[in-house]
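Data first, discussion second: the structure below is written as structure tokens.
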Amino acid sequence: MSRRPAALTGSSLLILLVVAHATNDSFSGMLAALLPTFQVRFGVSEAVLAALVGTLSFSSSVMQPLFGAVADRLGRRAVGAAGVVTSSALLSLMGAVQSVWLLFPLLLIGGLGSAAFHPSGTSIARNLNTRRKGVTVGLFSAGGTVGLALGPLIIGYFVMNDILTFSPILMIPGVILGLMMFFLIPRQERAPVHARPKLFDLELFMGPVGVLCLAGIFRSIAWVTMSNAAGLWLVQDRGVSTDSSVIFWTLTTFSFFGGLGGILAGMLERRVSRGVLISGSMLLALVPLFLLFVLPAGSFPYYLAVALSGALINGGLPLMVVSAQDLAPHAMGTASGMLMGLTWGTAGLIYIGIGALQEVVGISASMALSFTTLVPGALLAQWVLRRNAQALSAAD
């Protein structure tokens, strides 16, 4: 009789989750980096490219609260493992697709796998260290942003060497990691039927978690815009070629330092209030974001501004996730899905409109307008955290 391998615990389990998160999210970074290539290959407009982004955002992010509730009911290990296998197997085919219209169903179905992975992984990571939740979730979140950072470099190698048809081999790490999750993560005790969260909890959406989610949407609009419009902006307004390393390094720097920002904010949580870290970082991000429009592309000051933009926009996200979990301990997976997924997905759908706006007012103007959404995001986050300070303090 075969025996099940010993389950991982502690730091070993966190490392597995971080690496799986990086692998899963690398495909979103690849899509952003492939947009200029798709525009040339298929001869499509910015609006169609934005629709591709919106499709992946909808399936991989908007659906996360639903999959979070499913994971809370059926077990986070199985749902998370199946998710990373599905997303890797399908999204790795992006580079080999020969029709832009085939990309839409591919992104739609493949994104559902990512939607299944995120709330499961976040909830498992949080429970590894209840005393330093911000740091643990920050490390898990950093795995995703590191994946976003590595994705453009990985697919950039395929683009620059004209081997995009071999992109399906990129599914291999994700399939292996998904199997490791299934066999090495401890089984989760199923909650009693009467204690299981609702598949759709209207009270959760209408309460403080919903307000925090709205703040996260405003924050995510700036991130999604920078991640997906930067490559097109560099090509159209800065005159770089579609296979220029500046595109890939811009996206990589932005995402990589976004991950570092989340870890740093988690480490500072014991010394600085969540409200200051979350809202302050959003407002400060406006400075380097607007400097990008005047700095020489590819210069050291340019990359420094890119790095600061990523760190400040993303710095408060793990703390927003932890706050949502603290405010909804009975539906942790759903709350995680709302902040880790619904915020990104809604921003991705809004980006379809931003893509249309790019064709009307120009890409630089539409990017600048999108960045200003950080202001209402910061104000809403500060309001909801202050209003629920007592409940959040009790959860700590």
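Is it true that PHE58 is among the aromatic types (Phe, Trp, Tyr), over 18 Å from the mean Cα position of the chain (by Cα), at pLDDT 80 or above and within 29 Å of ILE354 (Cβ to Cβ)? The answer is no for PHE58. When we screen VAL44, VAL53, VAL79 for residues that are within 14 Å of the chain's Cα centre (by Cα) and in contact (Cβ under 8 Å) with a residue 40 or more places away in the chain, the only hit is VAL53.
Check GLN358, GLN325 and return the single one that is under 23 Å from SER141 (Cβ atoms), of a type in the set (S, T, N, Q) and touching a Ser or Thr at 6+ places or on another chain (Cβ under 8 Å).
On the way: GLN358 fails: under 23 Å from SER141 (Cβ atoms).
When all the criteria are applied, what remains is GLN325.
Within the group LEU150, LEU139, which residue is modelled with pLDDT of 80 or more, farther than 29 Å from VAL246 by Cβ and under 17 Å from the mean Cα position of the chain (by Cα)?
Details: LEU150 fails: farther than 29 Å from VAL246 by Cβ.
Just one listed residue meets the conditions, LEU139.
Hey, could you check segment 53-68 for residues that are within 14 Å of MET340 (Cβ to Cβ) and polar (S, T, N, Q) and say which is surrounded by the most Cβ atoms within 10 Å (Cβ to Cβ)? Only one residue fits best here, namely GLN64. The numbered conditions (1) crowded, with 24+ Cβ neighbours inside 10 Å; (2) in contact with a Ser or Thr (Cβ under 7 Å, 6 or more places away or on another chain); (3) not charged (D, E, K, R) are all true for ALA96 except (1). Filtering segment 157-180 to residues that are over 20 Å from LEU106 (Cα atoms) and within 20 Å of the chain's Cα centre (by Cα) leaves only LEU177. Set side by side, the residues PHE218, PHE166, PHE117, PHE183 differ, and just one is at pLDDT below 90 and in a helix (DSSP H, G or I), which is PHE183.
Looking at the structure I just gave you, is ILE363 farther than 22 Å from VAL62 by Cβ and crowded, with 21+ Cβ neighbours inside 10 Å? Break it down into steps so the answer makes sense when it comes.
Working: farther than 22 Å from VAL62 by Cβ: yes; crowded, with 21+ Cβ neighbours inside 10 Å: yes.
It is true that ILE363 is farther than 22 Å from VAL62 by Cβ and crowded, with 21+ Cβ neighbours inside 10 Å.
Name the residues in segment 95-114 that are of a type in the set (A, V, I, L, M) and either outside any helix (DSSP H, G or I) or in contact with a Cys (Cβ under 9 Å, 6 or more places away or on another chain) (or both), would you?
Of all residues in segment 95-114, those of a type in the set (A, V, I, L, M) come to 96-97, 100, 102-103, 106-109, 112.
Within segment 95-114, just VAL97 meets the criteria.
If you go through segment 290-307 and pick out every residue that is touching a Leu at 6+ places or on another chain (Cβ under 8 Å) and either at positive phi or assigned to a helix (DSSP H, G or I) (or both), you end up with 4. Could you look through segment 186-215, keep only residues that are at pLDDT 60 or above and of a type in the set (Gly, Ala, Ser), and pick out the one that is surrounded by the fewest Cβ atoms within 10 Å (Cβ to Cβ)? Residue satisfying both the conditions and the ranking: GLY207. Quick one: would you say GLY298 is buried (at least 24 other Cβ atoms within 10 Å of the Cβ) and not β-branched (Val, Ile, Thr)? Against the criterion (buried (at least 24 other Cβ atoms within 10 Å of the Cβ) and not β-branched (Val, Ile, Thr)), GLY298 does not qualify. Within segment 151-167, if we keep just the residues that are buried (at least 16 other Cβ atoms within 10 Å of the Cβ) and of a type outside the set (A, V, I, L, M), the residue that is nearest to GLY231 (Cα to Cα) turns out to be PRO152. A single member of ALA81, ALA50, ALA71 is buried (at least 23 other Cβ atoms within 10 Å of the Cβ), within 25 Å of VAL360 (Cβ to Cβ) and of a type in the set (A, V, I, L, M, F, W, C), and it is ALA50. For the residues GLY262, GLY275, the requirement of being assigned to a helix (DSSP H, G or I), touching a Gly at 6+ places or on another chain (Cβ under 8 Å), within 30 Å of PHE67 (Cα to Cα) and in contact (Cβ under 8 Å) with a residue 40 or more places away in the chain singles out GLY262.
Which one of ILE313, ILE247 is on the phi < 0 side of the Ramachandran plot, in a helix (DSSP H, G or I) and in contact with a Leu (Cβ under 6 Å, 6 or more places away or on another chain)? Spell out the reasoning first.
On the way: ILE313 fails: in contact with a Leu (Cβ under 6 Å, 6 or more places away or on another chain).
It is ILE247.
The values are calculated or read from the model by the stated rules, or taken from the named source; none is laboratory data. Predicted model only: the values in this text are computed from it and were never measured. Every residue, glycine as well, gets a Cβ built from its backbone with ideal geometry; the counts of neighbours run over all protein chains shown.
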